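Any read-out appearing in this document is the output of simple, stated calculations on the displayed coordinates, not a laboratory observation. Keep in mind the model is a prediction, meaning the values are calculated, not measured. Using ideal geometry, Cβ is built from the backbone for each residue, glycine included, and neighbour counts are taken over all protein chains shown.
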C-alpha cells in the first residue's frame, strides 16, 4: 500500500510540475524562438515601405523567412479553456522620434472562421497619448470584410495601461539576433533597425467581449487575423498587413491575402484533417467497385 501511495504521489508531483511549467507567465521581451509565427497566404507577409503616411513606426514588415506577426499563449495551467493570456508580436519598420511606439496598431480577429470572413473584434495598442494602453475594441458599423468597409469603435470597451518589461504586458524593442535568433536581416527597407511591438491580453476578456456579440469561443476555436496601423484609433490610414493595398481598397480581406491562415488561440495552425485509414480503405473499395462495374458494362 505504501508503495502505491509513493508512486501516486510522485505522479501527482510530476503532473503539478508540468502544470506549473505551462503556467509560466509570458515574457514580452522573450526570443521569437518560443513564439508561433502566423502564416499569411502570400509568400511575403508584408511589402516594405507601403505605409500611407511615411512613418516607419506604422510600416508592418516581413517576408517568407521573417514573420510579420507572431502569437504566444499561456493557458494558466488550469483545466479551463477560457482563461490564460494571449500575446502577439508585430514586426515594424523602425522607431521614430521621440523614441517609443507612438502610433496605433489594430489586430482584427475573425472568430470561428464563419462564411463572412468579417472582423468580429479588434485588439489595439495605442501609443499616441499620455494614457498609452492596450485595449479591446468593438468593430464599427461597417461590414468589416475589406479595408474600405472596416471601422473600429473610437474607444476601447476595456483597456490596460502599458506596462513595459519582462513581467509587464508590453515591449517595444529593436530586432536583433538575440530576440530573433533566426534573423538574417534586421532592417527591411533601409529605414533603420526594425522593431518588435509585443503586447499581452487576458484571454478571458477576449472571451467575454466576443460573448457580448453572441460569439462563443475557447482556446481551441479557429481564429484568423488581419492587422493594420493608423495615426489614430478610428482612422487606420497607414498600413495593411500582408498586402500592399491601402485602406481605401474594396477588395475583401480574403482575396487580398491579408487574412491570415487559420489558427487556434493556443497557437496551433488549423489544417484539414488527415483521412483515417478506414476512410481510405472504404474509398479504395468504392473505386474498385466502380472500376468492376464499368468493366461489366463493356
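A few notes on this one:
- Calculated FRET value between residue 234 and residue 254, using beta carbons and R₀ = 25 Å, to 0.05: 0.55
- Residue order, fewest to most beta carbons within 10 Å, for 83, 114: 114, 83
- When you restrict to C-alpha pairs under 8 Å that are six or more residues apart and normalise by the size of region 112-222, the relative contact order lands at 20 percent.
- Per-residue extension of 0.36 nm, minus the Cα-Cα distance of residue 154 and residue 208, leaves a gain of 17.5 nm for this segment.
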